[in-house]
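Q: Would you mind keeping the following structure in view while I ask a few things?
The values are calculated or read from the model by the stated rules, or taken from the named source; none is laboratory data. Quantities reported herein were computed from a predicted structural model and do not represent experimental measurements. Ideal geometry is used to build each Cβ from the backbone, glycine not excepted, and the neighbour counts take in all protein chains shown. The accessibility values were calculated without ligands, DNA or RNA, using every heavy atom of the protein model including side chains. Shrake-Rupley method; radii C 1.70, N 1.55, O 1.52, S 1.80 Å.
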Amino acid sequence: MDHIAQAVQILRAGGLVGMPTETVYGLAADACSPLAVRRIFAAKGRPADHPVIVHLDSAASAQAWGRWSAAAQALAEAFWPGPLTMVLPRAGHVLDEVTGGLPTVGLRVPAHPVAHQLLAAFGGGLAAPSANPFGTVSPTSAAHVRAAFGADLKVLDGGPCAVGLESSIVDLSGPTPALLRPGGVPRRALEAIVGPLGQAATPAPGTLKAHYAPRTSLLLTDDVVGEVARLEAVGRSVAVLPAGPGHAQRLYAELRRLDELGVDLLVAERSDDLDMREAINDRLRRAATGSGVTE
Ligand code: AMP
Ligand code: MG
């Protein structure tokens, strides 16, 4: 049996599968099975009121999961398949386990060919948050997923993630579209389709201040050279997170690598990347807030 057929068999039996997407690797389960979705939360140690995004193979499939609108149609045409999640009023059959009890549901059609094959072969929605223990750095390779969940989890290896950061989340359930989380699609590209995006009235559950965090403390600065000199002068060992081209795509892998070095402090420069800086700086801020937590 090939890997996709094996994965489908596991999913149909209510099990979990590591799924590559262009953003980060997901921990996928049948979105129509309450038991399977609860397994995701148990495996990740994720609070039950954090909604999970439902992944689908096409916009046509997505229309059965949420109340479609002209804005949803326009965004789907522009950015699906791709790193955009839309939050819509949920359809009647959508489980509370998926939405965290909210009246809305997050939907996405991923662009990764392996994710697409899996979704098409499964023939339904897959609930999938990032495949990492809650609060830790998201996985951007199959090895990251295996390191977290061990050999018992079936992981489809789709290579390193091309985007490397989570999807942009646009809430279309209110009177005006709002950006709940910056991500793989830049704000100005979204605004070119639906006009100015409002701020979320309340932060999306699960977008915590401290998130995506390495164990080593992380310092975010506009002056890496100055900070490193200052820290080294007082005898602290530091490692610098590389910026520049490919910053977003490599960010999580670099955070993981540097976290293993055993230095006193990680230092990261705020991004000025035209397209990805909002998402990169959002993740760096959260990583800096939650870093250095020893369990
Ligand atoms: P991820 O951690 O990438 O799986 O993304 C899950 C995040 O998507 C959640 O923590 C929320 O921030 C957001 N999300 C998913 N569904 C909804 C929803 N119905 N309403 C608001 N935010 C949502
Ligand atoms: Mg996550």
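Q: Please give the net charge around Pro81, taking every other residue with its beta carbon less than 10 angstrom from that of Pro81, where Lys and Arg add +1 and Asp and Glu add -1.
A: Neighbour charge sum, excluding Pro81 itself: -1.
Q: Once both labels are modelled 7 Å past Cα along the beta-carbon direction, what's the Arg270-Arg38 spacing in nm?
A: Here the modelled spin labels are 4.5 nm apart.
Q: Further question on the same structure: Distance from the Cα centre of the range 41-90 to that of the range 133-151, in angstrom?
A: Rounded to whole Å, the Cα centres lie 23 Å apart.
Q: With a 1.4 Å probe and every protein chain kept in, tell me what percent of the accessible surface of the chain is carbon plus sulfur.
A: 55
Q: Could you do me a favour and compute the accessible area per residue for the chain, 1.4 Å probe, result in Å²?
A: It amounts to 42 Å² per residue over the chain.
Q: Could you give the angle, 0 to 90 degrees to the nearest 10, between helix 247-259's Cα long axis and the longest principal axis of the Cα atoms of the chain?
A: Taking the Cα atoms of the chain, the angle to 247-259 is about 60 degrees.
Q: Return one number: the angle in degrees, 0 to 90 and rounded to the nearest 10, between the long axis of the Cα atoms of helix 113-122 and the longest principal axis of the Cα atoms of the chain.
A: With both axes taken from Cα atoms, the answer is about 30 degrees.
Q: By how many degrees, between 0 and 90 and to the nearest 10, does the Cα long axis of helix 224-233 differ from the longest principal axis of the chain?
A: The two axes meet at around 50 degrees.
Q: What number, in percent, do you get for the relative contact order of the chain if the mean sequence gap of Cα pairs under 8 Å and at least 6 apart is divided by its residue count?
A: 20
Q: Within the set of other residues whose C-beta is less than 13 Å from the C-beta of Trp68, count the net charge using Lys and Arg as +1 and Asp and Glu as -1.
A: +1
Q: Given charges of +1 on the Cβ of Lys and Arg and -1 on the Cβ of Asp and Glu, with all other atoms neutral, how large is the dipole of the chain about its Cα centre, in debye to the nearest 20?
A: Computed charge dipole of the chain: roughly 500 debye.
Q: Using the Kirkwood formula over every pair of different C-alpha atoms, what hydrodynamic radius in Å results for the range 66-191?
A: Kirkwood hydrodynamic radius for the range 66-191: 15.8 Å.
Q: I want the local charge near Ala148. Using Cβ-Cβ distances under 12 Å, sum +1 for each Lys or Arg and -1 for each Asp or Glu among the other residues.
A: With Lys, Arg at +1 and Asp, Glu at -1, the net is +2.
Q: Each residue of the range 77-91 in order: what ³J(HN,Hα) in whole Hz does its phi give by Karplus 6.51 cos²θ - 1.76 cosθ + 1.60, θ = phi - 60°, with x for Gly and Pro?
A: Here the 3J(HN,Hα) series is 5, 7, 10, 9, x, x, x, 10, 10, 10, 9, 10, x, 6, 6 Hz.
Q: Fully extended, how many nm does the chain gain between Ala5 and Ser69 (0.36 nm per residue separation, minus their Cα-Cα distance)?
A: Contour length minus Cα-Cα distance gives 19.6 nm.
Q: Could you list, bin by bin from short to long, the percent of Cα-Cα pairs of the chain in 5 Å steps?
A: So the P(r) values, bin by bin, are 1, 6, 12, 16, 19, 16, 13, 8, 5, 2, 1, 0, 0.
Q: Cβ neighbours within 10 Å, averaged per peptide: list 264-277, 187-200 in order, most packed at the top.
A: Most protected by this proxy first, the peptides run 264-277, 187-200.
Q: Antiparallel DSSP bridges in the chain: what percent, to the nearest 5?
A: Of the beta bridges lying entirely in the chain, close to 45 percent run antiparallel.
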